[in-house]
Amino acid sequence: MLIGLPKIGARSAPRRAQTLHLGVRLDRASRCGVSLMSSGNWPQEFGRASRRRAGAPARRPHPPRPRLGDAVPVQISTLGPLTIDGAAVEGSRLPALLPPLFLARGRIVSTADLIEAVWAGDPPADPTGALQALVTRARRLGLTVTATAGGYRLDPTDLEVDALLAQDLLSRARAALSGGDPRRASDHAARALALWADDDAPAVGPSGRLFTDLLTIRVEGELAAPVHSGLAAPVHGPDDVLLDHLRDAVRHRPTDEPLTALLMRALAARGRDAEAIATYERLRLALAETYGTDPSAVVARTHLALLRGELAAPADAATPPAAPSAPDRSGSAHRSGTAAVRPRGAPGWRRATASMVGREADVSAVEHALLEHPLVTVVAVGGAGKTRLAVEVARRATERGAVVCAVELAGVRDPAEVLPTLLSALGASESAADTEDLRGRRVLDPGEQILRAVATFDGLIVLDNCEHLLAGVAEVTAALLAAAGPGLRILATSRAPLGILGEAVHPVLALPDGAALALLETRARAARPTLEWDTATALELCHRLDNLPLALELAAARLRSMPLADVLAGVADRFALLDHALRGLPDRHQGLWSMVDWSWDLLDPTARALLRDLAVVPAPFTADLATEVGGLEHLGSRAARLALLGQLVEQSLLSLEESGDGRPARYRMLETVREYGEARLAADGARDVAMERLAGWAAGEARRLRSDFVGERQLAALRATTEDHDTLVLALRWSVDGSHEREAFAIAAALFTVWTIRGLHVEAITWARQLLRVQDPVGRRAGWELLCADDGALPLGDQGRRRAARPDPDDVAATATMAILNAGIANANDQRVSMLAVRLTRWAVSAHLDSLSPRTAALARMSAVFTSGDHAVHLAAAGALVDERDLYLHAVGLFLRAALRENHGDVRESGVDARDSYSSFEAVGDHWGMGMAAQAIGQWGSGRATGPSDDWLTRAVHHLELVGAVQDTQTIRVVRDVHRALDGSAVAAADLAATAQSPSASSQERANALIGLGLLAAKHGRWPEAVERGDAAVRVARSETTSAPQGRIVTEVAAAILRIRAGRDDAGGLLAVAARGAFDAGDMPVLGAVALAYSELAAATGDTARSDELWVLGRRLGANLALLFGPQPRTDPDAADVDDDPRMAQVTQAWTISVADTVARLATLIDSGR
């Protein structure tokens, strides 16, 4: 667990910085490689965040930059390329992340939905960490994105989003059309359509549906306006532009019948009957090939009117306009007058009152299972559509000529009544003629009744709703199967399996997203055809309702009288919103509460209490967590606890997820069940108890994980932290809000470490402010009193309670160390966090040293020292760690000293320390340390030889990928590609070209790639291309305004050198800009790079003496053109090895001059040359 150090003497902009394990993140960024040499934890910039060195000129003031949230609304464009106030948002991931947040109108968007939006079903190895990194980038744009237990929300204040404006105009247009004002409707639609950027295919893509809905109303208005305005002029219909868009929409929705009918009418109004007839024929063929059906009545009427020549006149007012595009036959019912064919139900059973959506695969799977097994039980949580599925299987069996007998058991309460109910449905008799007394009858025993009923039965028996009668149904079903012939098949529906021999269980899962959307829209539009539809909002509603069919049906019923957004907002209290939304349902389905309550009543008291308590857990959980949160220790054996969890799984209240790789199985609870449990917790007054148990588990788990963040179990610990991330964050929030300091510090120590490894410094510092009560002096004083109060003055009972509440000193020191680190990285000006954290480390080290682990103590002492600006003190602290016997601390000290020496210009000794640190980290088994050390070696030594540098960078990629530092590995790959391309690799050159054009690459990665391509062009003598590549790199680097300036400065230096070497005389202005930025930043190797560039400029003008002195000053400050431009041929005097350059003797002598004097001399030389 590398931790970084705040900038030494820093006063810089927010940035990411080099990180050291277990607490020391060294704030530096590589200048080695034209911002091509970004360190593993410096993806956006190359160089340390702005910092003043002794003798460096003061920072020049800059005018304030406009920020989101100023009085003027910020213009957000999502209809086309994503832009903010006209500036394009770079990459592909960030533009995919932001639209769902913008369109949520301030609502929470779940983590799962955002991951799906960004990665579209192909997430990275650590999707949660990668998403957090993207959110950090979004915050750098000035957007207020807040993390919640289940996802993220964006504050919409002062944001004007074009898609939301288009949705509002669509609502107005629909209202105008419904109110008989087509011209006004058309005007509203026209205003909305004008919001789209130039786009060859606006009818497709994320906003394609919105565009099509607006286009439909626009065309309807054009066709209907003359009828309503009383104009006598002939109808000419929509213009060519609208017709082209309408054709395009139909081309992408070839089976959308209302849309096709509208196109036919529009074409006829323009006198293009032949094209309208051809459009109809294409639709007819598409429907026949895709669904085996003919066009609906709406299209047939339009076609007939076309043939009669009736469409050349204004559209018939009796024919209502086609509804805005809705799901076609691919997954929903017909619209706008299309007749629906009702399935023929099984004899004696219910007939389906609505079409089945999204269960075709389940129907086929159940039918196949019935061919192989005599008993198939369809199992799912209530409301998943088990009965509807069984109805469809029975209907299809009936149509094939099979005999079907359905038995509904929902109303049966006594297991003894199962057999009589079944026999009654089968028409069996309970008695038979007495063979001894032909005048009488005898009563048959149950076995005889079953035998007589099914001995010759050849068909399907459906047993519906068995969960509350499992024992009775299982006994009767076993008897049926034993007595029946081979032709009997039994299909049961239940929330739990019957558990008898020969049973095949078919679990019914939640609907996939597409089917859930189709079901919701089909049902909603059946009740209100003019419903305003937004796919993103509807999908979020589906997810909030777990994609459960019953929940979606109830929500659709509410959409009869409520807007979609209001129903989504109301889901926060789903039971109040959706209960009794539909009439005529069975009692157990009258609402979501009844649905879950039915299963609740089937549980024993212990299982009920466990289900209730587990509702506080926001994510999938292990059996160990369930044991602690549910207070199951009293059950004794682990087997008994697992059996209790199994009871909840069998009742479909939990689902079991197995990883298959040896990790513990996890249990998942549906959101509907979770909210039911939350309601039970509130009613019982038990939530605080459950949360206290959850926080206790989280604290213990966090300590266990933190102990494994170093060593051979590191990767498993990081993976486990990711799996339980949401649960740990919820426990941290509850602990901080409730001033449960002991749990809060324990959880924070682990989370802060992982966030630092993943580069999520803003997340860490945000929580540090809350935990340390930066804005709450009263709470801060109370926390400090808890730490320092004398327990001896209290009664014995109070002493024990205070000791139990007091944070563990080791947790406090570890958390404070990470807070100091992240305060320096995330915001160098946030002195309050640093000051409070230093106070805590000193308290832990001075008063509770015996309670600290040696590692925690050593790192805490070091972190406090690095808040000063004294380089000698920093070297001494690093040396103290090098002297530690603990091999891990020894490795941290070596790496820290390597970075300090490189920062101060001593590249040679820095490389020695970096290699030694890698070896030590390797011996420990610490991948994070190995990745950071390998990256440093590959970059700092890149001027020596390509082969070793490439090998080290490849190692860095491997190690950092293992710990989940996704963005860092991509940055290193670009650096490596530059080196390989300059060494002759065509593959690397192609990769650089792809990165330079990639929308998913960061601005700095693209700038690095462009500089690399410029260097490659220069190598082959293509100087105009080289200069153009360099200039393009500067433009890209300057487009990133939220990162520290080092990456931009070094890019400017590289572009200037390309101009100089190309023989251009216009490099001075670009160099002057870079020099001002470098002096402002106070970053020595970056200043050294500027000095080397001015050395080339002086040489180009023939001033050899001045060129040599500038070269010596640049090398003294730690720069190297080979680092800047990659390894180059030995015949190039400017790229000669360090030991071969005769000027190195002067560099050795320059080491006797202080850094401050060196910087001052550099400033003088630059000024004198202007």
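Numbers at a glance
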{"read-out": "Ranked packing of 990-997, 757-764, most packed first, by mean Cβ within 10 Å", "value": "757-764, 990-997"}
{"read-out": "Cβ charges +1 (Lys, Arg) and -1 (Asp, Glu), total dipole of the stretch 74-157, debye", "value": "240 debye"}
{"read-out": "Whole-Hz ³J(HN,Hα) from phi, Karplus 6.51 cos²θ - 1.76 cosθ + 1.60, for the stretch 145-155, glycine and proline x", "value": "10, 10, 7, 10, 4, x, x, 9, 9, 10, 6"}
{"read-out": "For the stretch 695-846: relative contact order, % (alpha-carbon pairs under 8 angstrom, 6 or more apart)", "value": "24 percent"}
{"read-out": "Vicinal HN-Hα couplings computed from phi for the stretch 414-425 (Karplus, 6.51 cos²θ - 1.76 cosθ + 1.60; Hz; Gly/Pro x)", "value": "9, x, 5, 8, 5, 5, x, 5, 5, 4, 4, 5"}
{"read-out": "Cβ-based exposure ranking for Thr216, Thr421, in which fewest neighbours within 10 Å come first", "value": "Thr421, Thr216"}
{"read-out": "Burial ranking of peptide ranges 742-753, 803-814, 1076-1087 (average Cβ count within 10 Å, highest at the top)", "value": "742-753, 1076-1087, 803-814"}
{"read-out": "Alpha-carbon Rg/Rh ratio, for the stretch 488-528, with Rh computed the Kirkwood way", "value": "1.21"}
{"read-out": "Percentage relative contact order, the stretch 360-507, counting C-alpha pairs under 8 Å, at least six apart", "value": "38 percent"}
{"read-out": "Isotropically averaged projected area of the stretch 605-690, using the convex hull of Cα atoms (one quarter of hull area), nm²", "value": "5.5 nm²"}
{"read-out": "Taking Leu389, Leu304 and counting other C-beta atoms within 10 Å, the order from fewest to most", "value": "Leu304, Leu389"}
{"read-out": "Other-chain or far-sequence residues with amide H under 5 Å of Cys405's (modelled H)", "value": "Leu460, Ile461, Val462"}
{"read-out": "Per-residue HN-Hα couplings for the stretch 597-614 [Karplus 6.51, -1.76, 1.60; θ = phi - 60°; Hz; x = Gly/Pro]", "value": "4, 4, 6, 4, 5, 8, 8, 7, x, 5, 5, 4, 4, 5, 4, 4, 5, 5"}
{"read-out": "Amide proton proximity set for Leu82, modelled H, under 5 Å, gap of 5+", "value": "Val89"}
{"read-out": "Per-peptide average of other Cβ atoms within 10 Å, ordering 274-286, 247-259 highest first", "value": "247-259, 274-286"}
{"read-out": "Leu654 long-range amide H proximity, modeled H, under 5 Å", "value": "Val649"}
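Coordinate-derived values only; no laboratory data. From a predicted model like this one, the values you see are computed outputs, not experimental measurements. Neighbour counts are summed over all protein chains in view; Cβ atoms, including those assigned to glycine, are modelled from backbone coordinates with ideal geometry.
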